[in-house]
Structure formats: structure tokens, C-alpha cells
Ligand SMILES: Cc1cc2nc3c(=O)[nH]c(=O)nc-3n(C[C@H](O)[C@H](O)[C@H](O)COP(=O)(O)OP(=O)(O)OC[C@H]3O[C@@H](n4cnc5c(N)ncnc54)[C@H](O)[C@@H]3O)c2cc1C
């Protein structure tokens with residue numbers, strides 16, 4: 001594994017950093033305060049390639065390698081956690097199942113539309129009011145074949161981007177008998193009759209990223225809207241989440257890095273007992289530990305991304321990367337607030353928002369407990 005980025009990746013990093021600095025960072029506080037979505041930045045992300053990172057060029061995407069995907073999400077997370085989450089739910093969850101499993105017709109019809117920045121985004125609805133971690137046993141949203149259509153009934157919960165999406169890919173039960181081959185992915189246009197999208201949830205953090213409950217009541221879509229194979233929805237979901245976990249880990253690194261940068265500046269300027277607090281060894285050790293954690297997390301995120309780019313198995317590594325990077329971000333931003341003292345608890349300073357934003361990362365796309373299960377299963381399966 002080459003630990004240095006290649007020239008293309010370095011250029012991409014510079015482009016996305018400048019984009020995040022110009023389009024995300026200046027509005028990060030406002031989107032959080034007002035619970036507003038930064039549409040302007042997302043639209044501008046289309047021509048930069050940020051809406052088609054997992055889409056082949058022939059369908060309007062930028063189709064970057066996965067290390068570049070991780071680079072982009074670190075920079076976007078550095079700029080604004082909320083907007084970064086919208087980008088990752090769109091790319092990793094909403095478009096990549098179509099790229100990986102969708103028919104040519106689905107690819108042609110939907111991917112160029114959502115990659116352009118001129119239209120709404122994409123979303124994936126796995127979680128339900130009664131089931132998140134246990135999708136196999138818990139999904140109750142049902143799709144039945146009636147003539148040449150699927151008829152869908154049920155409710156989804158916590159769907160990022162649902163209210164700003166052209167379509168939602170829904171994980172549905174197509175075989176009522178249950179089991180690992182009873183779920184399928186079906187693309188549902190958000191303007192289909194019977195789709196109701198609830199109001200944006202009131203959240204602790206990531207308040208500029210709209211999250212909605214969605215209900216399907218006798219929603220009819222063509223049989224051709226099946227994404228991938230009937231009965232393979234669970235396997236397709238697990239594979240989609242492996243990749244998505246690298247992006248969530250990368251956003252966490254971006255949040256931790258932003259907090260670190262703010263803290264270094266603050267520590268240099270703040271005076272106590274007649275000197276800059278950065279001269280206290282207790283503060284220096286905290287900064288050293290924070291930097292160490294960020295660097296380690298990034299190295300491992302790149303390893304998981306590199307394995308994916310090589311076409312090698314990476315489920316365990318994606319689990320380790322997400323587990324470490326997301327829990328690392330909490331530790332680092334906790335210390336960032338501590339070093340800011342009382343000001344760290346104020347909304348005037350960004351570290352408070354970053355802490356709230358980072359809190360989701362150990363929950364979404366598989367909780368820390370589920371990552372530990374994924375890792376332990378592979379450790380115990382060793383000969
Ligand atoms: C802001 C936000 C955005 C989201 N976006 C999306 C989205 O776009 N699409 C989508 O489908 N979902 C989304 N989610 C849902 C998210 O993926 C789920 O919340 C998550 O997977 C956990 O599911 P749950 O909330 O049902 O918790 P549960 O599965 O009920 O888990 C509750 C607790 O039990 C633990 N637990 C469960 N099973 C086990 C086990 N076997 N062993 C040990 N511990 C266990 C969990 O780790 C957790 O601590 C989002 C959630 C939030 C908050």
C-alpha cells in the first residue's frame with residue numbers, strides 16, 4: 001500500500017478543500033442554527049463531481065476511486081457536518097446501489113439527473129420505526145407484485161435527504177416468509193402517488209441535514225424499479241453499508257480536524273496564569289493525543305478504501321475504520337471543548353456544533369456495537 005496520495009488524488013483534495021472552504025464553511029453555523037439545507041452548495045457540487053462520486057462517467061458521474069471518496073468526505077466534514085452528511089447519503093446510499101446493481105434503464109433514467117446538481121438528490125430508506133440494526137428480522141415494509149407493478153405499503157424512519165430527493169431506494173420485504181433472501185431494493189420516485197414524507201426531524205446535531213419519516217400507502221411502481229435481484233436486498237444493503245462506513249469515518253475525521261485547528265488557534269491565544277495556555281504541558285499532551293488519533297484514523301480509513309479500490313475484501317476493515325474514526329472524533333472534540341473552557345460550551349464557537357454533529361456518526365450506517373459484531377465475527381472465523 002502506498003501511503004502517499006498520487007497527483008490526481010492531491011489535486012482532488014485541493015479542489016474539494018477549496019470548495020468546502022468557500023461553499024460549506026461560511027454557512028455551517030447558519031444551517032445549524034436555522035435548520036436549513038445548504039442547497040446552493042449542493043447544486044454547485046454537481047459540476048465539481050461531488051454528486052456523482054460513485055457514478056460512471058457515461059451516466060454523468062465523476063466515478064472517483066475510493067481513497068478520493070474518503071478524501072472528499074474528510075474535506076466536506078471539515079467544512080460542515082450537515083452538508084457533508086447530505087452528500088454522503090446521496091452518493092454512498094442513494095446512487096451507489098443503482099451503479100452496482102441497477103438495470104441499464106434505471107441507470108440511464110436516474111443517475112445523470114441526480115449527478116448534475118440541477119435536480120434533487122437521492123436517498124436510501126432502510127430503517128423503520130421498529131427496526132434499524134436488525135433489518136433482516138425487522139423490516140415490515142412490504143412489496144407485492146400485482147400485474148406489471150410493485151405495490152408497496154409500510155413506513156420508513158430516519159431517511160436522510162428524503163424531502164430533497166428525486167427518488168428513495170426502499171428496502172422492502174418481497175417474501176413474507178422472511179429469511180435472508182426475503183428483502184429487495186425498489187426505487188420509488190418521491191412524487192409517486194401514496195408516498196408521504198413527514199416533516200424534518202428535530203435533531204441534536206446535523207440540523208442542516210433534513211431527516212424524515214416516509215410512509216408508502218399502496219404506492220405503485222413498475223416491476224423494472226427493482227434495484228438488483230429480487231431477494232438480494234439484504235446482501236446488497238450490507239455491501240452498500242461497507243462502503244458508506246468509510247465515508248462516515250472520513251466525515252468524522254473532517255469534524256475532528258476542524259475542531260483541532262480551532263483548538264490550536266485558541267490555545268495559542270488564550271492566556272491564563274500569565275502565559276498562553278498552549279505552554280501548559282497538560283494542554284500540549286491533549287493536543288498531541290488529539291493529533292495522534294486523527295492521523296491514525298485517517299491512515300486506517302485510507303487502508304479500508306485502498307482495499308476496496310483493489311477489489312479485495314474489506315468488510316472487517318471498513319468496520320474497524322468506522323468504529324475507530326467515529327469514536328475518535330467524539331474523544332477529540334470532547335477535548336477541543338475542554339481546551340476552549342467555558343467558550344467551548346458556547347454556540348459562538350464551532351466546537352460545540354462539531355460535537356453535536358459528531359455524535360450521530362457512532363449511530364448511523366451501523367452503530368458502534370454493530371461494528372464490533374462485524375469485526376468480532378471475522379476475528380472468530382479465523383482458522
Ligand atoms: C441523523 C440520522 C440520519 C439517518 N439516516 C438514515 C438514512 O438515510 N437511511 C436509513 O435507512 N437510516 C438512517 N438512519 C438510521 C440509522 O441508520 C439507525 O438509527 C441505526 O442503524 C440504528 O438503528 P436504530 O436506531 O433502530 O437502533 P436499534 O437497532 O434499535 O439499536 C438500539 C441500540 O441497541 C444496540 N443493538 C442493537 N442490536 C444489537 C446487537 N445485536 N448487539 C449489541 N447491541 C445491539 C444498538 O447498537 C443501539 O445501541 C439515520 C439516523 C439518524 C439519527
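Here, each number is a calculation from the coordinates, and none is a lab measurement. Remember, predicted model here, so these are calculated numbers, not experimental data. Here the Cβ is made from the backbone with ideal geometry for all residues, glycine too, and neighbour counts use every protein chain on show.
One table, with the values for the structure above:
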{"item": "Helical mean residue ellipticity (222 nm; -39500 (n - 2.57) per DSSP H run of 4+; nearest 500) of the chain", "result": "-16000 deg cm²/dmol"}
{"item": "Calculated diffusion of region 210-294, Stokes-Einstein form, Kirkwood radius summed over Cα pairs, 10 °C and 1.306 mPa s, µm²/s", "result": "90 µm²/s"}
{"item": "Centre separation in Å (Cα based) which lies between region 311-382 and region 178-232", "result": "27 Å"}
{"item": "Footprinting exposure proxy for 39, 158, 12 (fewest neighbouring C-beta atoms within 10 Å first)", "result": "39, 158, 12"}
{"item": "Between 0 and 90°, nearest 10: helix 66-79 axis offset from the chain longest Cα axis", "result": "60 degrees"}
{"item": "Overall dimensions of region 150-308 by Cα: Rg and Dmax, Å", "result": "22.8, 73"}
{"item": "Prolate/oblate/rounded label for region 71-182 (Cα gyration tensor, a/c 1.5)", "result": "oblate"}
{"item": "Which of 286, 14 has the fewest Cβ neighbours within 10 Å, and the rest in rising order", "result": "14, 286"}
{"item": "Under the Debye formula (equal points on every Cα, no solvent term), log10 I(q)/I(0) of region 265-327 at q = 0.14, 0.19, 0.24, 0.29 Å⁻¹", "result": "-0.55, -0.71, -0.90, -1.10"}
{"item": "Length-normalised contact order for the chain - Cα pairs under 8 Å, 6+ apart - percent", "result": "17 percent"}
{"item": "Compactness of region 1-70, expressed as Rg and Dmax over alpha-carbon positions, Å", "result": "14.0, 44"}
{"item": "Over 24 Å [Cα-Cα, region 7-121], rounded percent", "result": "21 percent"}
{"item": "Diffusion constant of the chain at 4 °C, which comes from Stokes-Einstein with the Kirkwood Cα-pair radius and 1.567 mPa s, µm²/s", "result": "61 µm²/s"}
{"item": "For region 38-81 and region 248-305, distance of Cα centres in Å", "result": "26 Å"}
